[in-house]
Amino acid sequence: MSRLLLPVVAAALFFGCSHLQRTDALDQAHSAYEKAQKGAAASSSPADLATAQKFLDLADKGLDSGDPKVVDDRAKVAMLKLEAAEALGRTHTLADERDKTVQEVSLTKQQLLDTAQQKLAQTEAELEKEKTARDTAEIRLDERRAVLARETQVQDLPEGTVITLPGGQLFARGGAELLPAGRDRLSRVAEFLKTASRAARVEAQPASRGSRSVALALSSKRAERVREFLVAEGVTPTRIRAEPTDGNAPVRPLPAGPEFASSGAVNIVLEPGGTGGGTSPGRP
Amino acid sequence: MRRWTAAALVAFGSACASAPPLPAERLSQAESEVRAAQEIGAERAPQAKLYLQAARDTLAAAKETNKEDPEGAARKLDIARAQAELANALAREQMAKNELNTARAQLEALKNSGQAAGDAR
């Protein structure tokens with residue numbers, strides 16, 4: 001009897017218990033889960049990883065059904081959930097980096113704005129300083145012009161400010177050597193020119209009396225001598241030139257008066273701003 | 001004749017009973033997840049697009065096989081939902097990458113403009 005029962009019971013146990021051991025898909029899902037636990041998803045998306053684990057548990061329970069399709073389908077869902085958890089973990093990392101970069105963008109913008117504002121303030125201060133200096137220079141120029149106007153003829157013409165001095169007050173008769181009084185006058189002219197900081201030229205007009213050719217040659221020497229003196233007084237050499245007196249060149253009419261007729265005149269023309277380099281303060 | 005008619009009705013009824021409808025909630029969740037992935041722009045991210053298409057295919061397969069294998073079809077719904085969720089996650093990852101790249105480019109441009117301004121000074 002017992003010999004007959006034993007195989008029957010064994011067969012019943014074998015067919016009755018249809019429990020599966022593992023499937024390849026389930027093994028892969030377990031490996032993937034273990035890997036994910038050590039990866040970024042564990043720290044950045046633990047909730048999503050927990051969901052994946054839940055589905056992995058379901059796949060494990062599917063072994064009880066004895067149907068490998070059930071196990072594999074559930075393992076597949078678990079694998080997809082794991083991949084999603086990992087993708088979300090990477091997304092969190094990227095989002096953190098993005099937020100930091102956006103913050104850095106904002107900071108950099110602010111820094112650039114601050115720098116630009118500082119630069120603007122600095123430029124405004126420099127402009128204000130320059131304006132003040134220009135105003136001061138203009139006042140000084142007016143003062144020196146007023147001083148000059150007391151003893152010499154000063155005219156504002158389209159070609160510039162023309163200072164006219166009688167030749168006899170600057171030079172000894174028939175010569176190109178400066179008289180002491182002439183030096184004094186020219187010193188004040190030099191002060192005026194230095195204040196103006198503009199280009200100037202010296203023209204010497206010959207006397208209307210006497211030999212024309214002698215007077216022309218003397219005028220050129222006198223113009224050069226006046227230039228040398230003004231440079232020695234501090235006028236920038238590149239800003240002043242002596243115009244040679246050419247008999248053919250148009251000559252400014254001599255001012256009326258016997259002192260001009262007998263010894264000619266010296267004109268110092270302060271040209272309008274922008275021709276001599278540097279700043280161009282003062283009147284045209 | 002009456003017997004035959006009754007037998008035919010029983011046979012028809014039992015045939016219908018063997019193909020129950022797909023589980024409504026699981027179907028609705030899978031379809032909703034597919035829509036969400038579409039709306040977030042999964043079509044524009046290559047990897048996400050692949051999983052979105054796979055989700056659609058699995059959903060269609062679930063509907064087709066429901067008659068022969070209702071339990072398998074129901075499991076396919078779960079797979080389709082998980083595929084759509086992955087498509088959604090990959091699309092979000094791509095968006096975050098794009099946003100990071102845009103922010104980095106903006107930062108680089110700002111730094112270059114600052115450098116250029118500094119050089120000009």
Skipping prolines and chain starts, which residues have an amide H placed within reach, meaning under 5 Å, of the one on A:Ala200, given they are 5 or more residues away or on another chain? A:Ile240, A:Arg241, A:Glu271
When ranked by the protection proxy of mean other Cβ atoms within 10 Å per residue, highest first, what sequence do the peptides A:106-115, A:193-202 form? A:193-202, A:106-115
Using only the alpha-carbon atoms, how far is helix A:46-62 inclined from the longest principal axis of chain A? Give it as 0 to 90 degrees, nearest 10. 20 degrees
Please give the per residue volume of the convex hull enclosing the alpha carbon atoms of the protein assembly as shown, rounded to a whole number of Å³. 279 Å³
What is the mean number of Cβ atoms from other protein chains located within 10 Å of the Cβ atom of each residue in peptide B:69-80, rounded to a whole number? 3
Inter-chain shielding of A:101-113 (mean C-beta neighbours from other protein chains, 10 Å cut-off): 4
With θ set to phi - 60°, apply the Karplus curve 6.51 cos²θ - 1.76 cosθ + 1.60 along segment B:32-42 and write out the HN-Hα couplings as whole Hz, x wherever there is a Gly or Pro. 5, 5, 5, 4, 4, 5, 4, 5, 6, x, 4
How far apart, in nm, are two points set 7 Å out from the Cα along the Cα-to-Cβ line at B:Leu50 and at A:Leu157? 9.2 nm
Karplus (6.51, -1.76, 1.60) ³J(HN,Hα), θ = phi - 60°, over segment A:253-265, in Hz, Gly and Pro reported as x: x, 5, x, 5, x, x, 5, 7, 4, 7, 10, x, 9
State the antiparallel share, in %, of DSSP beta bridges confined to the protein assembly as shown, rounding to the nearest 5. 80 percent
Rounding to the nearest 10 and keeping the result within 0 to 90°, find how far the Cα-based axis of helix A:2-16 lies from the longest principal axis of chain A. 20 degrees
If the chain between A:Ala133 and A:Asp57 were fully extended at 0.36 nm per residue, the gain over the current Cα-Cα distance would be 18.7 nm
Give the angle, between 0 and 90 degrees and rounded to the nearest 10, that separates the Cα long axis of helix A:212-232 from the longest principal axis of the Cα atoms of chain A. 50 degrees
Cα-based reach from A:Lys100 at 15 Å (exclusive), listing aspartates and glutamates while leaving out same-chain residues under 8 positions away: B:Glu99, B:Glu108
Could you rank the peptides B:97-109, A:221-233 by their average count of other C-beta atoms within 10 Å per residue, with the highest value first? A:221-233, B:97-109
Just tell me how shielded B:88-100 is by partners: mean number of partner chain Cβ atoms within 10 Å of each residue's Cβ, no decimals. 6
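Where a number appears in this text, it was derived from the coordinates with a stated rule and is not lab data. Computed from a predicted structure; not experimentally measured. A quick note on method: Cβ atoms are made from the backbone with ideal geometry, for glycine too, and the neighbour counts reach across all protein chains shown.
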